[in-house]
1. Give the shape of the stretch 82-154 as rounded, prolate or oblate, defined through the alpha-carbon gyration tensor: a ≥ b ≥ c are the square roots of its eigenvalues, a/c under 1.5 means rounded, and otherwise the shape is prolate if a/b is larger than b/c and oblate if not.
2. Would you mind checking which residues have amide H under 5 Å from residue 33's amide H? H placed 1.01 Å from N; only 5 or more apart, or other chain.
3. Check which residues have an amide H placed less than 5 Å from residue 51's amide H, if you skip close sequence neighbours.
4. State, as an integer percentage, the relative contact order of the stretch 24-103 based on alpha-carbon contacts under 8 Å between residues 6 or more apart.
5. Taking amide H positions as placed in the peptide plane 1.01 Å from N, state which residues far from residue 125 in sequence (5 or more) or on other chains have amide H under 5 Å from it.
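Here, each number is a calculation from the coordinates, and none is a lab measurement. Everything numeric here is computed off the predicted structure, so don't read it as measured data.
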Amino acid sequence: MKFSVIALLTALSAPAMAAQKAPLPPPAPLPSSVDGLPVGALARQQLPTGGCAAFLWTKTPSGALIAMVTASPGQVRFAPYGLVTDLVRTTQSGGGVLGFAASSSFAGGDLRVTIDMDVTLRDDLKDGAVIQQGTLRFERDGQDVVVVPVAGLVGCG
């Protein structure tokens with residue numbers, strides 16, 4: 001039985017719905033720091049129409065969604081210091097799956113991000129792939145380099 005990556009992403013990112021008579025309280029603000037790192041969590045992201053996106057969660061205790069990478073246009077969305085930021089792809093190298101190279105670099109202003117990931121197609125996934133291991137490395141001029149272990153899913157709309 002094949003599972004749709006879109007359905008899997010929706011199930012993973014959608015909040016649990018419970019029947020309640022009183023209105024739900026507003027959602028808590030997303031953390032500006034995940035597990036003490038200078039990167040914040042992202043809110044639920046929309047799969048691009050007609051393209052593919054890689055959704056990356058930390059392989060740290062919180063398992064927070066910290067990045068979304070789109071194949072075309074090549075860009076990354078993440079939240080350094082809790083500020084949601086989009087950077088454009090500047091280089092990529094290595095074999096590619098669904099528009100994602102093994103290593104991609106992104107830049108904008110004084111920020112640089114490199115994402116290394118192993119994208120693997122699986123017979124039980126439709127319109128997507130799995131990322132069992134990878135790293136997100138970001139640099140800001142005059143700051144330490146931060147490397148975060150990640151895993152994730154690729155979905156194509």
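1. On the way: a/c = 2.33, a/b = 2.02, b/c = 1.16.
It comes out prolate by the Cα gyration axes.
2. Close amide H contacts, sequence-distant or interchain: 41.
3. It is 157, by chain and number.
4. On the way: 138 pairs, mean separation 19.6, N = 80.
So the answer I get is 24 percent.
5. Counting only residues 5 or more places away or on other chains, the set is 3.
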